[in-house]
Amino acid sequence: MKAAVLVGILLWAAGSGAAELDKRVEHGYANNNGVKIHYASLGSGPLVVMIHGFPDYWYSWRHQMEGLADRFQVVAVDQRGYNLSDKPKGVESYDMSLLVSDAVAVIKHLKRDKAIIVGHDWGGAVAWSLAMFAPQVVDKLIIVNLPHPNGLRRELANNPDQQRNSQYARNFQQEGAHLKMTAEGLARMAPESVREKYTEAFKNSDLEAMLNYYKRNYPREPYNSGTGLGAGAAPPVSVPVLMFHGLKDTALLPGALNDTWKWVNAPLTLVTLPGAGHWSHWDAAETVTATMKWWLTK
């Protein structure tokens, strides 16, 4: 009985801490050639920059921010087009090179030379691209549910299951696709306990800008097995890489993970999570956070 009460108290405390996270972080803005990029920062120490995917915002990393802030300065960004960051018009404003430069601007704004880069989904694509095309600012790389771009392109070219499961991306590439979306509808992907926060964040976002990521950077038919994801030829990654992949992810199938080691000229650690889906940093939050901390401090 006492053990049950203790567990209940611990769970309540953890929940209360998470609920108050948005009140404890420090908010700021970096300027990238006139585009303001919002970020939330917690903790102190070596810099960890976390980049969300679609549809999401900085709060995606709430569990990892709580878990790492005792050893690191954890900075979670709103990507351009989302929540409190600027929302420039035009598909060309969401080119991968600009998304990469947004992250570089955040690192420079915080007066650091390098950062540990963490990315999920489109944030993972940005993170891979940072390691390939701006390696001077990347200390280590952590990827959540986004295979190396070479692997994804190969699967799109050769795997009928991945081609079929990427229909959503082709739909997003159509003109006017954002008109079929609402903030409330997008927020249904979030746990009910935080859905109100997500609805507010998506109301602050530009739904058309969200889909410009797909229009500008996602491969188009006819697919080929060339390199890159909206960034051309991909040089090898030369920093240590930690990858997580929820095996219940139906958007990005695990076959794309094969051969990742061919494109990473540094230690590569791959953690597959059988019970987790696309948001594996939520579905397996404790495992992901603890593994991140172990890997970063070992």
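A few remarks follow.
- Scanning region 43-73 for residues that are out of contact with any Phe, Trp or Tyr (no Cβ under 9 Å at 6 or more places or on another chain) and either of a type in the set (Phe, Trp, Tyr) or surrounded by fewer than 21 Cβ atoms within 10 Å (Cβ to Cβ) (or both) gives Trp61, Glu66, Gly67, Ala69, Asp70, Arg71, Phe72, Gln73.
- Cross-chain or 6+ apart pairs with Cβ under 7 Å, region 217-234 first and among the hydroxyl-bearing types (Ser, Thr, Tyr) and surrounded by fewer than 19 Cβ atoms within 10 Å (Cβ to Cβ), then part of a loop (DSSP other than H, G, I, E, B) and modelled with pLDDT under 75: Thr227/Ala233
- Conditions (1) in a helix (DSSP H, G or I); (2) touching a residue at least 60 places away in the same chain (Cβ under 8 Å); (3) crowded, with 16+ Cβ neighbours inside 10 Å; (4) not basic (Lys, Arg): number failed by Thr199: (2)
- Flag if Glu66 is acidic (Asp, Glu) and more than 18 Å from the chain's Cα centre (by Cα): no
- Among the residues of region 74-89, those that are among the hydrophobic types (A, V, I, L, M, F, W, C) and either part of a strand (DSSP E or B) or surrounded by 24 or more Cβ atoms within 10 Å (Cβ to Cβ) (or both) comprise Val74, Val75, Ala76, Val77.
- Matching residues, region 150-182, being assigned to a helix (DSSP H, G or I) and among the polar types (S, T, N, Q): Asn150, Asn158, Gln162, Gln163, Asn165, Gln167, Asn171
- With respect to (1) modelled with pLDDT of 95 or more; (2) within 20 Å of the chain's Cα centre (by Cα); (3) of a type outside the set (S, T, N, Q), the lone exception for Gly230 is condition (1).
- Of all the residues in region 239-297, those that are closer than 18 Å to Ala127 by Cα, of a type in the set (A, V, I, L, M, F, W, C) and crowded, with 21+ Cβ neighbours inside 10 Å number 9.
The values are calculated or read from the model by the stated rules, or taken from the named source; none is laboratory data. For clarity, every value in this text was computed on a predicted model and none was experimentally measured. Neighbour counts are summed over all protein chains in view; Cβ atoms, including those assigned to glycine, are modelled from backbone coordinates with ideal geometry.
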